[in-house]
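The values are calculated or read from the model by the stated rules, or taken from the named source; none is laboratory data. None of the values given here were measured: they were computed from a predicted structure. Here Cβ is always computed from backbone atoms with ideal geometry, including for glycine, and neighbour counts include all displayed protein chains.
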Amino acid sequence: METEKETAAVRCWVQDRRIWLELADQRQVSFPASKYPLLANASPAQLEKVTLRLHGLALRWEELDEDIWVDDAVCGRFPRSRELAA
């Protein structure tokens, strides 16, 4: 039985309203802050206050009370907008 390995980040940073991740397997991926409602409305200073949590499995913005699983972001599993959900 094959077990799925969770995607972990070793570093994260923000550049031009994109959240960048350096993954444990040495890949670098990014996603636009606009994919997440709380991040879309955040100031650049708020966006930069991202931290890695849970051994690199999650991103946390304490001031915004936002948590994102690294695996979800890497795989493109973003929240649906209200317009699409309606």
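For the reader, a short list of remarks on this structure follows.
- Residues that are closer than 19 Å to R80 by Cα and either in contact (Cβ under 8 Å) with a residue 24 or more places away in the chain or surrounded by 13 or more Cβ atoms within 10 Å (Cβ to Cβ) (or both) within region 41-57 comprise just one, A42.
- Consider region 22-46 and keep the residues that are of a type in the set (A, V, I, L, M, F, W, C) and more than 20 Å from A8 (Cα to Cα). The one that is farthest from the chain's Cα centre (by Cα) is A45.
- Of residues in region 24-40 being in contact (Cβ under 8 Å) with a residue 24 or more places away in the chain and out of contact with any helix residue (DSSP H, G or I) (no Cβ under 7 Å at 6 or more places or on another chain), the one surrounded by the fewest Cβ atoms within 10 Å (Cβ to Cβ): P37
- Among the residues of region 44-69, those that are farther than 19 Å from T7 by Cβ and assigned to a helix (DSSP H, G or I) comprise P44, A45, Q46, L47.
- Lone qualifier among D72, D25 - being modelled with pLDDT under 95, in a loop (DSSP other than H, G, I, E, B) and of a type outside the set (A, V, I, L, M): D25
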